[in-house]
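Notes follow once the structure below has been shown.
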Amino acid sequence: MARKMLIDGEVSQPNEEEAHYDFDLFVIGAGSGGVRASRFSATYGAKVGICELPFHPISSEVIGGVGGTCVIRGCVPKKILVYGASFRGEIEDARNYGWEVSEKIDFNWKKLLHKKTEEIVRLNGIYKRLLNNAGVKLYEGEGKIVGPNEVEVTQLDGTKLSYTAKHILISTGSRATRPAIPGQELSITSDEALSLEELPKRAVILGGGYIAVEFASIWNGMGVTVDLFFRKELPLRGFDDEMRAVVARNLESRGINLHPRANLSELIKTEDGIKVITDHGEELIADVVLFATGRSPNTKRLNLEAVGVEVDQTGAVKVDEYSRTNIPSIWAVGDVTNRMNLTPVALMEGTCFAKTVFGGQPCKPDHKDVACAVFSIPPLSAVGLSEEQAIEEAHGDVLVFTSTFNPMKNTISGRQEKTIMKLVVDADTDKVLGASMCGPDAPEIIQGIAVAVKCGATKAQFDSTVGIHPSAAEEFVTMRSVTRRVSAGSKPKTNL
Amino acid sequence: MLYALGSSQFSWVLSLSLRKKERKKHKHKYKSVMVVVMASSLTVTNTLSSPKLKTLYKKLSIPIPTPLSSRLLYNPKTLSSLSLSLNLKHRSFAARADSQNGAEPPSHYDFDLFTIGAGSGGVRASRFAANFGASVAVCELPFSPISSETTGGVGGTCVLRGCVPKKLMVYASHYSHEFEESRGFGWKYDVEPKHDWSTLMANKNAELQRLTGIYKNVLKNAGVTLIEGRGKIVDPHTIDVDGKLYSARHILISVGGRPFIPEIPGSEYVIDSDAALDLPSKPEKIAIVGGGYIALEFAGIFNGLTTEVHVFIRQKKVLRGFDEEIRDFVAEQISLRGIEFHTEESPQAIIKSSDGSLSLKTNKGTAEGFSHVMFATGRRPNTKNLGLETVGVKMTKNGAIEVDEYSRTSVPSIWAVGDVTDRVNLTPVALMEGGALAKTLFQNEPTKPDYRAIPSAVFSQPPIGQVGLTEEQAIREYGDVDIFMANFRPLKATLSGLPDRVLMKLVVCAKTNKVLGLHMCGEDSPEIVQGFAVAVKAGLTKADFDATVGIHPTAGEEFVTMRTPTRKIRQTAEGKTDSEVKATAGV
């Protein structure tokens, strides 16, 4: 209630008070969430300033760049490399379609790296222009919070600027972390992996999350020998177990060496490369060891203690449903809040923030049924609940519809790789609770399905939709027979 | 006539509803029937072959309480015993069904349903009818890649001469684009990739043989009797297949359509899409006449396989009936890939010169030096020599069979589905019509196929996907509409350096906020549009689209991140259309 009053109060307040501040809003961090919040706030008439660290592909305490993780060190460069890596499979597949391709095909990593850097520099420029066009004032330097309404920006030359702002938004994102094992300094994170000078011949990857799996696919496609170590039985914890199994099988059949239930205990520098010792006592030599073992929020140098902004034990800024911290004038969106670390979610949070604070429409970001994708080769995508989650949360029976099939392209290419699709349906309401898919184009296919799932579409509505033939996606609207029915009582426990 | 049709339909619905009560007593039987439905569909697409996945199932110990379990997959024994019990049951049901209908003597007919033509619609209707307990026979002409009065093949146009071979050829031809793209991503070929036509044809034909075999098995597993030969209707309950007579309570005509080539001088030198899918060697230079989806798809196929392609269209634009902006966009993108369009040119004659090359004479002049001339100038229903005139089945002037909303012809015991009815000529629509018919006839559920918001695709390069109304249709029907558009260079093209672009468009009703139509041209359009088709069919609003979070980075996410209308179209008081143009918000 108090919160609501505060928001309403701001909306209806006359302008005189705002004259006290240099800015209506000062944003620390110009990534997806920060840029979106700044632009939209400016569009609503707010006077906005934003600060960001200088640009470089590899981030550090003092390096960042307008565009943030997504544009410079995440989604975009990653997808570019996935495109690059996918061509190997395509070229292989082309042969049975009658294409005579020479046995020796060169892949020039440096060329791709160069073009990737060109592209992210271009996007960095576009983001800067977006801010400029929206009337947002951009400062290059490190932002710190000095008071509930005051920020300090340390510029490149060391000079410090100090500004007051009615609202402060923290959107500094997160950074890859490394487990503290002996020799960890020999390893790299995803930042460096996206910008390696030389393509390794042998890569070891530690981690079972989407970043680990994506890099395994990228390097494998580029001809690198890849060994992937993860602690669980299957990679991609949190996704549907059946999908995880298919991803694991596909990675393996494409030539990636999987080491489930394994961890790394030590890295040692040798003349031949990095000697990797596993917790099973196994040893192997690699040119590159990638730690994809998690990311942590960038909150250490923000001086949050000074004003008492609460963070959780992982260092993430604690916020309420409107993205407001415990300090009423300070807000936070995106990965720094560690809610759901995805670009489109940060965009949604940024948009809702601007609407709430400057648009006169209090607006909570809705984190339900957010679709996501793993750009492994082939990719995985999902929206809503996995089968396990649905069973866990269900009150009644859960119907599971699956379709596992050989994609048409493979009938001639001869590639042994099945596509799998799944719909999880509430037996009582007929609502589709979740959809997931692993196979070519899965992320593109799931996006439209996500609209239907988000809006509570029923299985009957899926069935009444006519298929597009021949496509893979049509399977989602032609699953007539239930594969299994899981009754409310039985809740299988898994610990994969 | 109309009255007679109506009343017979009434009594027929009545008899169905009577049977429904009877059926309820036998519910358990239908359960086992359903198992076979699933199992047979699984043989086509669903095979969980991986031992790893099987062990995963065991590990997960997923409870599988109903008989519709995936365990069936691993237990062929269960399957065969079930289908055996099915055979026993449908026999008893057929007898029972007959005795229900007082008008007809029991066991009078050889079959409950006799289907002429085993294409998409016929196979679907037959299988489902059999699974619902009917005794079913289907007849089909012998297999050949090229159709005629005497050749066809189980699977029909879609599998043998349409969707499937076409898509396989699209895959094959698209590689040349991928080789080009790959260069921008650092790949280099010592020798330029070359295409070997015969490898493709051999592998394609092997796949078609496999599929026709699968379709035969699907019919067999469903307990449908397959008869090879040409079916002809003798009377409302009798079919003649090459001299042998069969009687049936219901007859289904699902004989499809065939390419139509207008009679002009030299038309004997022309190939149609049947032949184009099975050429002995690669055409060096081809003229394709026609501006419809078949013409554009083949233009892309041949162009990708390095043939020089010229497309001759009678009108100014390709793809009549599609959204105007999509029509312009796709033509431009296709041209950029090296295909030459000749607009407003009607073919008048084909001339074969002494060196064997072909010339195409049009109203504008003569184009020379073609190795092949292909006509993609429409398709006609296969209704000749079916005996339709003798039994009084009404047809349109195009030769399409006239049917009511339940796919019933003017003769009450004769029904028709698919292209032969020339409603919406798409495989999934024939499947829908066939499925609905089986329900109507043998499951006591009179079912009308629903033609609203049928999505469709053109597998041109780049392809098109669409669902719902075009902008022009929406303005006609609703007056006030908002248009949201994104026309962008995809991430892949910024790296490859190719001029590929993507156009995406939403047509929204200004009054209700409903998304009336959705159109896309660009890579993966058909796959992207399918999911959105569920949303459009369900009548979702633009606000529902906006509430959906994007999947980043995809092309699909553009459909849920279109914030500002590109233009708002409002009917003015005088009934004129006013268009207010606004700039988009940018990235």
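The values are calculated or read from the model by the stated rules, or taken from the named source; none is laboratory data. Because the structure is a prediction, the values reported are computed rather than measured. Cβ sites come from the backbone with ideal geometry, for glycine too, and all protein chains shown count toward neighbours.
Each residue in the stretch A:334-344 was checked for being outside any helix (DSSP H, G or I) and within 14 Å of chain B (Cβ to nearest Cβ), and 4 pass. Going through the stretch B:349-388 one residue at a time, which ones are more than 22 Å from residue B:279 (Cβ to Cβ) and surrounded by 15 or more Cβ atoms within 10 Å (Cβ to Cβ)? Passing the criteria: B:361, B:362, B:380, B:381, B:382, B:383, B:386, B:387, B:388.
For (1) surrounded by fewer than 17 Cβ atoms within 10 Å (Cβ to Cβ); (2) part of a strand (DSSP E or B); (3) touching a residue at least 40 places away in the same chain (Cβ under 8 Å), each residue gets a yes or a no:
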{"residue": "A:200", "(1), (2), (3)": "no, no, yes"}
{"residue": "A:204", "(1), (2), (3)": "no, yes, yes"}
{"residue": "A:213", "(1), (2), (3)": "no, no, yes"}
{"residue": "A:231", "(1), (2), (3)": "yes, no, no"}
{"residue": "A:249", "(1), (2), (3)": "no, no, no"}
{"residue": "A:258", "(1), (2), (3)": "no, yes, no"}
{"residue": "A:268", "(1), (2), (3)": "yes, yes, yes"}
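Kindly indicate which of B:549, B:515, B:534, B:529 is within 25 Å of residue A:347 (Cβ to Cβ), assigned to a strand (DSSP E or B) and β-branched (Val, Ile, Thr). The match here is B:515. Of A:289, A:307, A:317, all but one fail to be buried (at least 24 other Cβ atoms within 10 Å of the Cβ), of a type in the set (A, V, I, L, M, F, W, C) and over 26 Å from residue A:203 (Cβ atoms); the exception is A:317. What about residue A:309, is it over 23 Å from the mean Cα position of the chain (by Cα), assigned by TED's automatic domain parsing to the domain that holds residue A:172 and part of a loop (DSSP other than H, G, I, E, B)? Against the criterion (over 23 Å from the mean Cα position of the chain (by Cα), assigned by TED's automatic domain parsing to the domain that holds residue A:172 and part of a loop (DSSP other than H, G, I, E, B)), residue A:309 qualifies.
Being modelled with pLDDT of 95 or more, of a type in the set (S, T, N, Q) and surrounded by fewer than 24 Cβ atoms within 10 Å (Cβ to Cβ) narrows it down to one of A:471, A:464, so name that one.
Values: A:471 fails: surrounded by fewer than 24 Cβ atoms within 10 Å (Cβ to Cβ).
So the residue among A:471, A:464 that is modelled with pLDDT of 95 or more, of a type in the set (S, T, N, Q) and surrounded by fewer than 24 Cβ atoms within 10 Å (Cβ to Cβ) is A:464.
The set of residues in the stretch A:345-392 that are free of Cβ contacts under 8 Å to residues at least 40 places away in the same chain and assigned to a helix (DSSP H, G or I) comprises A:345, A:348, A:352. Kindly indicate the residue of the stretch A:97-134 that is closer than 20 Å to residue A:224 by Cα and part of a loop (DSSP other than H, G, I, E, B) and also farthest from the other protein chains (Cβ to nearest Cβ) among those meeting that condition. That would be A:103.
So residue A:78 ticks every box in (1) within 7 Å of another protein chain (Cβ to nearest Cβ); (2) under 22 Å from the mean Cα position of the chain (by Cα) but one. Which box is left unticked? Looking at each condition in turn, residue A:78 falls short on (1).
In the stretch B:446-483, what residues are over 30 Å from residue B:309 (Cβ atoms) and within 14 Å of chain A (Cβ to nearest Cβ)?
In the first step, residues of the stretch B:446-483 are kept if they are over 30 Å from residue B:309 (Cβ atoms); the result is B:446-453, B:468-469, B:473-483.
Within the stretch B:446-483, B:447, B:448, B:449, B:450, B:451, B:452, B:453, B:468 qualify.
Just one of (1) within 27 Å of the chain's Cα centre (by Cα); (2) surrounded by fewer than 23 Cβ atoms within 10 Å (Cβ to Cβ) fails for residue B:179. It is (1). Out of A:158, A:143, A:125, A:173, one residue alone is under 26 Å from the mean Cα position of the chain (by Cα) and without any contact (Cβ under 8 Å) to a residue 40 or more places away in the chain. It is A:125. Only residues that are within 21 Å of residue B:318 (Cβ to Cβ) and touching a residue at least 60 places away in the same chain (Cβ under 8 Å) were counted in the stretch B:331-367, giving 8. Residue A:194 falls short on exactly one of the conditions (1) in contact with a Pro (Cβ under 7 Å, 6 or more places away or on another chain); (2) under 27 Å from residue A:424 (Cβ atoms), and that condition is (2). Within the stretch B:252-263, residues that are over 28 Å from residue B:435 (Cβ atoms) have Cβ atoms under 9 Å from residues that are small (Gly, Ala, Ser) and not in a loop (DSSP other than H, G, I, E, B) in these pairs: B:261/B:267, counting only partners at least 6 apart in sequence or on another chain.
Looking at the stretch A:156-170, can you tell me whether even one residue there is part of a strand (DSSP E or B) and either within 14 Å of chain B (Cβ to nearest Cβ) or of a type in the set (Phe, Trp, Tyr) (or both)? Within the stretch A:156-170, one or more residues are part of a strand (DSSP E or B) and either within 14 Å of chain B (Cβ to nearest Cβ) or of a type in the set (Phe, Trp, Tyr) (or both).
Residues of the stretch A:385-438 that are farther than 27 Å from residue A:250 by Cα, surrounded by fewer than 19 Cβ atoms within 10 Å (Cβ to Cβ) and touching a helix residue (DSSP H, G or I) at 6+ places or on another chain (Cβ under 7 Å): A:430 alone. In the stretch B:518-543, the residues that are within 21 Å of residue A:438 (Cβ to Cβ) and touching a residue at least 60 places away in the same chain (Cβ under 8 Å) reach residues that are among the aromatic types (Phe, Trp, Tyr) and assigned to a helix (DSSP H, G or I) with C-beta atoms within less than 7 angstrom, at least six apart or across chains, in these pairs: B:530/A:476; B:532/B:559. Counting only helices (runs of 4 or more DSSP H) that sit completely within the stretch A:395-496, those holding 3 or more residues that are under 25 Å from the mean Cα position of the chain (by Cα), without any contact (Cβ under 8 Å) to a residue 60 or more places away in the chain and within 7 Å of chain B (Cβ to nearest Cβ) correspond to A:442-454. Per this entry, residue B:549 is counted among residues that are facing another protein chain (nearest Cβ under 7 Å) and in contact with a strand residue (DSSP E or B) (Cβ under 9 Å, 6 or more places away or on another chain).
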